[in-house]
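The values are calculated or read from the model by the stated rules, or taken from the named source; none is laboratory data. In this text, all values refer to a predicted model and were calculated from it rather than measured experimentally. Side chains are part of the model used for accessible areas, which takes the heavy atoms of the whole protein and leaves out ligands, DNA and RNA. Shrake-Rupley method; radii C 1.70, N 1.55, O 1.52, S 1.80 Å.
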Amino acid sequence: MEKKYLSAPLVKHIYTADPSAHVFDGKIYIYPSHDVENDIPFDDLGSHFAMDDYHVISMDSPISEAVDHGVALHVSDVPWASQQMWAPDATEKDGKFYLFFPAKDYDGIFRIGVAISSSPTGPFRPEAKPIAGSFSIDPAVFKDPASGYYLYFGGIWGGQLQRWRDGYFKSEGEGPFAHLPEPREPALCAKVVRLSDDLLSFSEDVRDLVIIDEEGNALLAGDTERRFFEASWVHVFNGKYYFSYSTGDTHFICYAIADNPYGPFTYAGRLLDPVEGWTTHHSICEFEGEWFLFYHDVELSGETHLRNIKMVKLSHHADGSIHIVE
Ligand code: FUB
């Protein structure tokens, strides 16, 4: 059967994934992972995602050409990082641009770092150390007009979230399934924390972002079609906070809604069906009153670790629910 795709890759000369999109000064800026070819065997820890730099992609409008601005940050420029520059995000404050990125430190533990630039396209100058108290992957920075900047993060399996217990990294036990809760236990939560005024540190203890069902019960670890896996994102629509995320091994992008940035968030449904490739990771961005979903699949390569970013229109129904992208 002939394959049909909903939209085309935004760039074709490099492999890109995990697109975090924002509008700065009237233009769209996308902060993706930069996938690279390698010979590392596939495993459930994502070792084959062996990226070592970031490029920033910009678009004057949703129908404009996507422009690659070259290397914005390389792992060799980050004193604390050894490998695996996974999904980043960025924000703007007082004319400066802040790139938040996860990478493994020299002990093999994922941490989250910040790098700063005077331009949204970089180059970004990294801080000497990761954010104190940071761990796991997939940072998403959210600017709440009402209350400041928040960082959402976390990912299970290769993202190591299950290995953090009581503030310590459990080094014993190998493999993605070590330390995961039992199916009848509450699912592991994404994390949320308010950032300091300079955006370089956490201003409070990291909190669990709890997703509850319609009866108010926290989702269980065995509820794999709804529980959080990775790829946090937050947007605000009609005064409500929408937390969207990947369910990982069941390949959905789902969302949950709250009245405040911390939650609890009530599960509300799926917004993107499974794409071609194992991973799915997205962002949601408003441009001149229209909403867009940025996502990835593997149309260009057919290989799970060589992805390409795409975008498509997204619509909210009158009741606040999101029209699923199939
Ligand atoms: O790109 C590496 C990892 O794959 C990301 O951090 C996850 O969200 C998944 O897309």
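Using alpha-carbon positions, what is the distance between the centroids of the range 190-262 and the range 108-146, in Å?
The range 190-262 and the range 108-146 have Cα centres spaced 18 Å from each other.
Can you compute the equivalent ellipsoid semi-axes for the chain, i.e. the square root of 5 times each eigenvalue of the Cα gyration tensor, sorted largest first and rounded to whole Å?
Working: eigenvalues 122, 112, 94 Å².
Listed largest to smallest, the semi-axes of the chain are 25, 24, 22 Å.
What accessible area per residue, rounded to a whole number of Å², is obtained for the range 128-167 using a probe radius of 1.4 Å?
Details: 1330 Å² over 40 residues.
Heavy-atom accessible area per residue stands at 33 Å².
Which lysines have a Cα lying under 16 Å from the Cα of LYS129, excluding residues fewer than 8 positions away in the same chain?
Within the straight-line limit of under 16 Å, LYS129 reaches these lysines: LYS104.
Considering only protein heavy atoms and a 1.4 Å probe, what is the carbon-and-sulfur percentage of the accessible area of the chain?
On the way: 6720 of 13810 Å².
Of all accessible area on the chain, carbon and sulfur atoms account for 49 percent.
Pop out the ³J(HN,Hα) list for the range 65-72 in order, Karplus 6.51 cos²θ - 1.76 cosθ + 1.60 with θ = phi - 60°, rounded to Hz; leave Gly and Pro as x.
My calculation for the range 65-72 gives 4, 8, 10, 8, 9, x, 5, 9 Hz in order.
May I ask you to list the lysines whose Cα is less than 16 Å away from that of LYS4, ignoring any residue fewer than eight positions away on the same chain?
LYS310
Using Cα positions and a limit of under 18 Å, work out the aspartates and glutamates in reach of LYS240, with same-chain residues fewer than 8 apart set aside.
In chain and number order, the partners are ASP144, ASP213, GLU214, ASP259, GLU286, GLU290, ASP319.
Leaving out ligands, DNA and RNA but keeping every protein chain, what accessible area does ILE322 have, in Å² rounded to the nearest 10, with a 1.4 Å probe?
Taking all protein chains as shown, ILE322 has close to 10 Å².
With the Cα gyration tensor of the range 208-326 in hand, convert its eigenvalues to equivalent ellipsoid semi-axes via √(5λ) and list them largest first in whole Å.
Details: eigenvalues 108, 70, 23 Å².
In descending order, the three semi-axes are 23, 19, 11 Å.
Compare PRO41, PRO181, PRO139 in a GNM of the chain, Cα atoms joined below 10 Å, and give the one with the largest fluctuation.
PRO41
With every protein chain left in place, what is the accessible area of GLU290 in Å² (1.4 Å probe, nearest 10)?
The accessible area of GLU290 comes to roughly 80 Å².
Tell me, what HN-Hα J-couplings in whole Hz come from the Karplus equation 6.51 cos²θ - 1.76 cosθ + 1.60 at θ = phi - 60° for each residue of the range 298-304, using x for Gly and Pro?
Here the 3J(HN,Hα) series is 10, 3, 5, 10, x, 10, 4 Hz.
Select from SER283, SER244, SER64 the residue whose mean-square fluctuation is largest in a Gaussian network model of the chain (Cα-Cα springs shorter than 10 Å).
Fluctuation is largest for SER64.
Calculate, for the range 58-115, the solvent-accessible area per residue in square angstrom, rolling a 1.4 angstrom probe over the heavy atoms of the protein chains. The partial results should precede the final answer.
Numbers: 2220 Å² over 58 residues.
Roughly 38 Å² per residue, with all protein chains present.
Of the residues ALA140, ALA81, ALA72, which exhibits the maximal mean-square fluctuation in a Gaussian network model of the chain defined by a 10 Å Cα contact cut-off?
Greatest mean-square fluctuation among the candidates belongs to ALA72.
How large is ³J(HN,Hα), in whole Hz, for each residue of the range 272-287 in order, when computed from phi with the Karplus curve 6.51 cos²θ - 1.76 cosθ + 1.60 and θ = phi - 60°, using x for Gly and Pro?
Karplus values, whole Hz, x for Gly and Pro: 9, 5, x, 9, 6, x, 6, 7, 9, 7, 9, 8, 10, 8, 9, 10.
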